[in-house]
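First the structure, in the form of structure tokens, and then the observations on it.
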Amino acid sequence: MWQKERYELNDGHFLPKIGLGTFQVRGAQGVNQILNAIQSGYRLIDTSTNYDSEGAVGEAIRQSGLPRSAFYVTTKLPGQYHHFDDALKIIEESLLRLRLDYLDLYLIHWPLPKRDNYIEAWQALIEAKKRGLVRSIGVSNFEKAHLDKIIKATGVVPAVNQNEIHPYWPQKDLVAINQKYNILTEAWSPLGRGNQAELSEATIKILAEKYNKNNGQIIIKWLLQRGILPVVKSASPQNQRANLNVFDFQLTSDDMKQLDQLGRADGRVDNQDPKTYEEFV
């Protein structure tokens with residue numbers, strides 16, 4: 001059964017190998033989307049204070065009828081709360097919004113190096129873990145220099161680094177750095193951000209036909225075989241179920257190479273630099 005497929009983190013905790021993204025999933029409609037996903041089998045749910053979806057996530061968990069222990073809930077620290085005391089307070093606020101007693105994973109959403117407060121933020125997450133507010137702590141959108149800095153300052157290695165990763169933006173060097181530190185890489189926007197180009201890519205279509213899968217399933221499998229945890233988002237119950245149905249086939253090494261070769265210098269078709277999203281705080 002696919003739910004037994006888990007990654008072990010460097011702190012001894014575990015996460016399911018596929019997560020549900022909730023960016024722009026809000027209100028009663030959002031609750032229903034998340035409930036559908038839970039019924040399809042999702043147990044790792046990824047939210048953020050910035051997404052304004054924490055309330056919907058918490059309500060869906062309550063309405064599901066499943067015990068709290070069945071879920072792995074992630075949320076994230078906004079940039080405006082990187083100071084130590086502010087970070088601890090907003091973690092408590094997230095728990096109130098979710099109506100949960102603890103978080104399974106809490107991430108610094110962006111390092112925001114121009115502000116240069118992310119070491120203080122990391123120290124707050126370490127303290128939150130000591131207080132039992134969170135079980136595992138990690139980061140998001142951190143590059144090597146940011147990782148090196150917080151590890152040197154605190155001696156604590158993040159359990160997770162969540163990054164934008166998809167066939168046009170494979171992030172090979174960063175994934176290798178995460179692996180060097182024994183940090184699990186999570187992929188946000190694994191099927192491509194804001195466009196359907198990758199889902200229409202000829203190479204992926206050919207592999208989908210070869211394995212009798214859809215294009216999204218091929219991308220998800222490519223990530224899993226790289227040791228990456230994809231956080232996928234879909235409002236369609238059919239697509240939600242399909243995104244989990246990827247554990248009954250294996251891509252060959254040649255398949256993997258073909259997908260690796262889709263990487264582009266700018267990471268996407270619209271030439272939007274990924275650093276511009278640093279303003280999303």
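The values are calculated or read from the model by the stated rules, or taken from the named source; none is laboratory data. None of the values given here were measured: they were computed from a predicted structure. With ideal geometry, Cβ positions are generated from the backbone for all residues, glycine too; neighbour counts draw on all protein chains shown. With ligands, DNA and RNA removed, areas are computed over all heavy atoms of the protein, side chains included. Shrake-Rupley method; radii C 1.70, N 1.55, O 1.52, S 1.80 Å.
Looking at (1) under 16 Å from the mean Cα position of the chain (by Cα); (2) assigned to a loop (DSSP other than H, G, I, E, B), which is the only condition L20 fails?
Tallying (1) under 16 Å from the mean Cα position of the chain (by Cα); (2) assigned to a loop (DSSP other than H, G, I, E, B), L20 fails exactly one: (2).
Mind telling me which of the residues S136, S140 ends up being touching a residue at least 60 places away in the same chain (Cβ under 8 Å) and under 18 Å from L112 (Cα atoms)?
Only one candidate passes the filter, namely S140.
Out of D46, D52, report the one residue that is under 23 Å from A128 (Cβ atoms) and open to solvent by 40 Å² or more (accessible area, probe 1.4 Å).
D52
Is it the case that some residue within the range 248-257 is open to solvent by 60 Å² or more (accessible area, probe 1.4 Å) and modelled with pLDDT under 95?
Looking for residues that are open to solvent by 60 Å² or more (accessible area, probe 1.4 Å) and modelled with pLDDT under 95, one finds none in the range 248-257, hence no.
Scan the range 162-173 for residues that are farther than 22 Å from A124 by Cα and open to solvent by less than 20 Å² (accessible area, probe 1.4 Å) and jot them down.
Within the range 162-173, E164, I165, H166, P167, Y168, P170 meet the criteria.
Inspect all residues belonging to the range 220-233 and state whether any of them is basic (K, R) and farther than 24 Å from T47 by Cα.
no
Kindly check whether there is at least one residue in the range 197-216 that is within 19 Å of the chain's Cα centre (by Cα), modelled with pLDDT of 95 or more and either surrounded by 22 or more Cβ atoms within 10 Å (Cβ to Cβ) or at positive phi (or both).
Yes, because at least one residue in the range 197-216 is within 19 Å of the chain's Cα centre (by Cα), modelled with pLDDT of 95 or more and either surrounded by 22 or more Cβ atoms within 10 Å (Cβ to Cβ) or at positive phi (or both).
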